[in-house]
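K.L.:
Please see the structure below; I have some questions.
Throughout, read-outs are computed from the coordinates displayed, never taken from laboratory work. Please read all numbers here as calculations on a predicted model, not as lab measurements. Cβ atoms come from the backbone with ideal geometry, glycine included; neighbour counts cover every protein chain shown.
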Ligand SMILES: CC(C)(COP(=O)(O)OP(=O)(O)OC[C@H]1O[C@@H](n2cnc3c(N)ncnc32)[C@H](O)[C@@H]1OP(=O)(O)O)[C@@H](O)C(=O)NCCC(=O)NCCS
């Protein structure tokens, strides 16, 4: 695994987050944002994200943001999870690292559950979840998971 730092992002990291999400290609953006979206939309999303509401965990390599996971309140006492890793850094365990960091943060914050949705084609995310014993369910909107967190 590359030598990386994991930490919560704040306002000072906004430009790095904009660059990271803006830099995803069309397929990755579709996976990250659950459908088609433009790089401008992804950049705009990052430029407006409220760090006081949404917790964003960043993965840095030599001060460069190469991946980020977020927890956004889901209105049911839990948070919706999303994650992306730079294409040239995939397959080195960083998505797994960010997923574990998000699960830990959510549990420490006393959240009841972590939820997530993904496209049916998202084999990598499904592999990460399955390895952690997380069951993937399906409804009309596609695969999803509802992970109960220890109180
Ligand atoms: C999903 C994502 C975050 C994974 O990041 P990553 O750094 O590659 O993740 P890891 O290296 O920790 O793990 C990838 C897993 O996928 C598996 N994998 C890789 N290629 C695969 C393939 N073609 N088919 C099935 N599994 C595959 C790896 O074996 C690994 O599983 P393992 O730990 O059981 O061996 C990354 O692909 C990504 O950013 N995708 C675009 C955004 C996205 O889909 N976000 C999720 C929805 S919000």
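K.L.:
Among 54, 115, 99, which one shows the highest mean-square fluctuation when the chain is modelled as a Gaussian network with alpha-carbon springs under 10 Å?
P.N.:
54
K.L.:
Go ahead and set up a Gaussian network model of the chain, Cα springs under 10 Å, then flag whichever of 136, 66, 57 fluctuates most.
P.N.:
Evaluated over the chain, the most mobile residue of the options is 136.
K.L.:
If you count, for each residue, the other Cβ atoms within 10 Å and average over each peptide, how do 24-35, 5-16 line up from highest to lowest?
P.N.:
Values: 24-35: 15.7, 5-16: 13.6.
Descending packing order for the listed peptides: 24-35, 5-16.
K.L.:
With a 10 Å Cβ neighbour count serving as the proxy for reagent exposure, in which order, fewest first, do 134, 147 appear? Mind showing how you got there, number by number?
P.N.:
Working: 134 16, 147 20.
So the residues, fewest neighbours to most, are 134, 147.
K.L.:
Connecting C-alpha atoms closer than 10 Å in a GNM of the chain, tell me which of 137, 65, 125 has the biggest fluctuation.
P.N.:
137
K.L.:
When a/c reaches 1.5 or more, the comparison of a/b and b/c decides; with that in mind, is the chain rounded, prolate or oblate per its Cα gyration tensor?
P.N.:
Working: a/c = 1.32, a/b = 1.20, b/c = 1.10.
Judged from the Cα gyration tensor, the chain comes out rounded (a/c under 1.5).
K.L.:
I've got another one for you. What order do you get for 118, 59 when you list them from fewest to most C-beta neighbours inside 10 Å? If you can, show how the numbers build up before the last one.
P.N.:
Working: 118 22, 59 25.
Least to most surrounded, the residues fall as 118, 59.
K.L.:
Residue separation times 0.36 nm, minus the C-alpha to C-alpha distance between residue 138 and residue 50: what's the value? Could you put the intermediate results ahead of the total?
P.N.:
Working: separation 88, 0.36 × 88 = 31.68 nm, distance 2.98 nm.
Using 0.36 nm per residue and subtracting the Cα-Cα distance, I get 28.7 nm.
K.L.:
Report the Cα centroid-to-centroid distance between region 28-45 and region 104-147 in angstrom, as an integer.
P.N.:
Cα centroid to Cα centroid, the span is 19 Å.
K.L.:
At 7 Å along the Cα-to-beta-carbon direction for both residue 88 and residue 107, put a label point, then send me their distance in nm to one decimal.
P.N.:
The modelled label-to-label distance comes out at 3.5 nm.
K.L.:
Return the percentage of antiparallel bridges among DSSP beta bridges fully within region 5-148, rounded to the nearest 5 %. Don't skip to the end; give the middle numbers.
P.N.:
Numbers: 26 of 28 bridges.
Taking every DSSP beta bridge within region 5-148, about 95 percent pair in antiparallel fashion.
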